[in-house]
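*Asks:* Could you have a look at this structure, given as structure tokens, before my questions?
What follows is calculated from the coordinates using simple rules that are stated; it is not laboratory data. The structure displayed is predicted, hence computed values, not measured ones. As a convention, Cβ positions derive from the backbone with ideal geometry for all residues, glycine included, and neighbour counts pool all protein chains shown.
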């Protein structure tokens, strides 16, 4: 029986471990899960190796017990404000135009396109092909066997800080767990919530977590931009703590229960009453005041993503609009605010998860980890299938 697939998302709010199996019909069933906090991470970056290692060990132990399996290796998602993109284009002369474009020609242009000079201390996470060009014919998907004299390939290189990535590796390896692969969190979320039709029409996925906001955009089934911001739902909570001088736990509680991303249609008489507890004398403030604070932060977050998307002229190419996911996507009214910010249709989506644990992981906050399971399953199925062109596709498209 094949070993189970293990996905780990190390977030600011919690560490999540999911264990999945590939069924005979190539579907995915979740058979185990584990969570823990505090995480030892902030804004997607490790700030305490000991805390992060301990939290990961606890989450893995819970997942092992849940799945009734021993877990020895994991797929790991990664996020953080240090993750950015760069674009490169490789050009190569076709070795023998009379024969046509061969696998060797494709390999050659891939290597040229990948050889991009990254900013200091940055390292490549993924290399995504956008399209080939044969002489003057653009947007070619598979050039093998086609005629031409010059082959070009435009790629997007997603890269991150070497030190931040190494520290994330160190957390996992410190508890003697192997790493099968490291995958950008936004790519994982897209795997979890998007259809092939959406990717072809053009779509943006924005995953708003506790400490980071990941985004990724597709057009014609190719990734056209991606990145991560060091801001998320925890920043909303922090704003409430400062604005109303209340404990962090109470701020998080009322945010989840009463918070709204929009400030219209509110009851000006509605009050939030926090009862006294040990070390806290209690507090009363208006619902409108709270949502004014929430609105300001969420609007800023979304407009920062908008600026990134505008830099790459993305929104002109998203026929399927914007898809919101992640824990902060639960916030009431966020879909309305996103529609105002981006000017395109916006939806809130959670992954469609199957298995006995569905009720425990039924929410948008599990998109990244479940998408990582799907990514890993597709990778392992491709490896089983083999074939020269399949290997090239895997190399180019990740």
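*Asks:* Within the bounds of the stretch 63-70, is there any residue that is under 29 Å from residue 312 (Cα atoms) and buried (at least 16 other Cβ atoms within 10 Å of the Cβ)?
*Replies:* no
*Asks:* I need the full set of residues from the stretch 209-251 which are within 25 Å of residue 346 (Cα to Cα) and either in a helix (DSSP H, G or I) or without any contact (Cβ under 8 Å) to a residue 12 or more places away in the chain (or both), in order please.
*Replies:* Scanning the stretch 209-251 gives 233, 234, 235, 236, 237.
*Asks:* So, in the stretch 236-251, how many residues would count as being under 30 Å from residue 83 (Cα atoms) and surrounded by fewer than 20 Cβ atoms within 10 Å (Cβ to Cβ)?
*Replies:* Within the stretch 236-251, residues that are under 30 Å from residue 83 (Cα atoms) and surrounded by fewer than 20 Cβ atoms within 10 Å (Cβ to Cβ) number 6.
*Asks:* Further question: Applying the selection to the stretch 316-353, what residues are in contact (Cβ under 8 Å) with a residue 24 or more places away in the chain, within 25 Å of residue 44 (Cβ to Cβ), assigned to a helix (DSSP H, G or I) and over 16 Å from the mean Cα position of the chain (by Cα)?
*Replies:* Correct list: 330, 334, 337, 338, 341, 342.
*Asks:* Against the definition (touching a helix residue (DSSP H, G or I) at 6+ places or on another chain (Cβ under 9 Å), part of a loop (DSSP other than H, G, I, E, B) and surrounded by 18 or more Cβ atoms within 10 Å (Cβ to Cβ)), how does residue 90 come out, yes or no?
*Replies:* Numbers: touching a helix residue (DSSP H, G or I) at 6+ places or on another chain (Cβ under 9 Å): yes; part of a loop (DSSP other than H, G, I, E, B): no; surrounded by 18 or more Cβ atoms within 10 Å (Cβ to Cβ): yes.
So residue 90 fails the test.
*Asks:* State all residues of the stretch 135-149 that are in a loop (DSSP other than H, G, I, E, B) and either within 17 Å of residue 200 (Cα to Cα) or touching a residue at least 12 places away in the same chain (Cβ under 8 Å) (or both); if no residue qualifies, say none. Steps first, answer last, please.
*Replies:* Going residue by residue through the stretch 135-149, those that are in a loop (DSSP other than H, G, I, E, B) are 135-136, 141-149.
Those that are in a loop (DSSP other than H, G, I, E, B) and either within 17 Å of residue 200 (Cα to Cα) or touching a residue at least 12 places away in the same chain (Cβ under 8 Å) (or both): 135, 141, 142, 143, 144, 145, 146, 147, 148, 149.
*Asks:* Moving on to the next point. For the stretch 12-45, name all the residues that are out of contact with any strand residue (DSSP E or B) (no Cβ under 8 Å at 6 or more places or on another chain) and surrounded by 19 or more Cβ atoms within 10 Å (Cβ to Cβ).
*Replies:* Those that are out of contact with any strand residue (DSSP E or B) (no Cβ under 8 Å at 6 or more places or on another chain) and surrounded by 19 or more Cβ atoms within 10 Å (Cβ to Cβ): 13, 43, 45.
*Asks:* Let me ask something else about it. I'd like the full set of residues that are out of contact with any strand residue (DSSP E or B) (no Cβ under 7 Å at 6 or more places or on another chain) and surrounded by fewer than 21 Cβ atoms within 10 Å (Cβ to Cβ), limited to the stretch 174-197.
*Replies:* In the first step, residues of the stretch 174-197 are kept if they are out of contact with any strand residue (DSSP E or B) (no Cβ under 7 Å at 6 or more places or on another chain); the result is 174-176, 191-192, 195-197.
Across the stretch 174-197, the qualifying residues are 174, 175, 176, 195, 196, 197.
*Asks:* Still on this structure: Which of the residues spanning the stretch 97-114 are touching a residue at least 60 places away in the same chain (Cβ under 8 Å) and either more than 27 Å from the chain's Cα centre (by Cα) or closer than 8 Å to residue 144 by Cβ (or both)?
*Replies:* Listed by number, the residues that qualify are 103, 106, 107.
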